[in-house]
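Taking it in order: structure first as structure tokens, then the write-up.
The values are calculated or read from the model by the stated rules, or taken from the named source; none is laboratory data. Since the model is a prediction, treat every value here as computed from it, not as a measurement. All Cβ positions, glycine included, derive from the backbone under ideal geometry; neighbour counts span all protein chains shown.
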Amino acid sequence: MSQVLPETVTVELKDGTPVALRPIRPDDAPRLQAFHTRLSSDSIYLRWLSAHPVLSDAEAAALSTVDYTTRMAFVATRPVDGEEHVIGVARYGVVSPERPDEAEAAIVVEDAFQSRGLGTHLLRALWTYARAHGIRYWVAEINVENNRMLKFIQRGGLPTTRRLESGSWQIKIDIAPPDAAA
């Protein structure tokens, strides 16, 4: 049985900039590497929790190849000089077969597109998809210095628990509370 994936949709950022959102594909690997080179060292550090100056071919291939059920990612893209450029990624991956309703989640947005609503669009797409595929909880490790992400999570209004461990917040978000709006 083949997987039915969401269609590419166009969303508008707060300033009216149109951006395409679509499921990631294996051929996105080089676009992910190019995207990574455009991230500031701060954005890279906050995403990877370490210095990670280069996204290797193997990492890019692994990140762009998902099964669309237990591992999923959406990319935000814009055309630049006739080429599609990735400007943001939101992803989840099921923690373990013993916990099929719990997935690690991560997001990163190119610095030039931060604070323009792109993260919200990406997470909304990922949230809707995850819920439809049986995911109830997102877990994430967030650097204690990443106040923007902590505030972003708080603004989401979903039930959240967090604990401090080795300099990072361990966050668990209930993405499927009974009264959650679609």
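Rundown of residues vs (1) farther than 18 Å from residue 21 by Cβ; (2) modelled with pLDDT under 90, yes/no style:
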residue: 119; (1), (2): no, no
residue: 124; (1), (2): no, no
residue: 128; (1), (2): no, no
residue: 133; (1), (2): no, no
residue: 136; (1), (2): yes, no
residue: 142; (1), (2): yes, yes
residue: 148; (1), (2): yes, yes
residue: 167; (1), (2): yes, yes
Self-check item: Subset of the stretch 10-69 (residues that are under 24 Å from residue 169 (Cβ atoms), touching an Asp or Glu at 6+ places or on another chain (Cβ under 8 Å) and either hydroxyl-bearing (Ser, Thr, Tyr) or at pLDDT 95 or above (or both))
Solution: 40, 43
Exercise. Name the helices (runs of 4 or more DSSP H) wholly inside the stretch 32-132 in which the number of residues that are in contact with a His (Cβ under 6 Å, 6 or more places away or on another chain) is 1 or more.
Key: 41-48
Quiz item: Taking the stretch 89-137 only, how many residues are touching a Lys or Arg at 6+ places or on another chain (Cβ under 6 Å) and of a type outside the set (Lys, Arg)?
Solution: 7
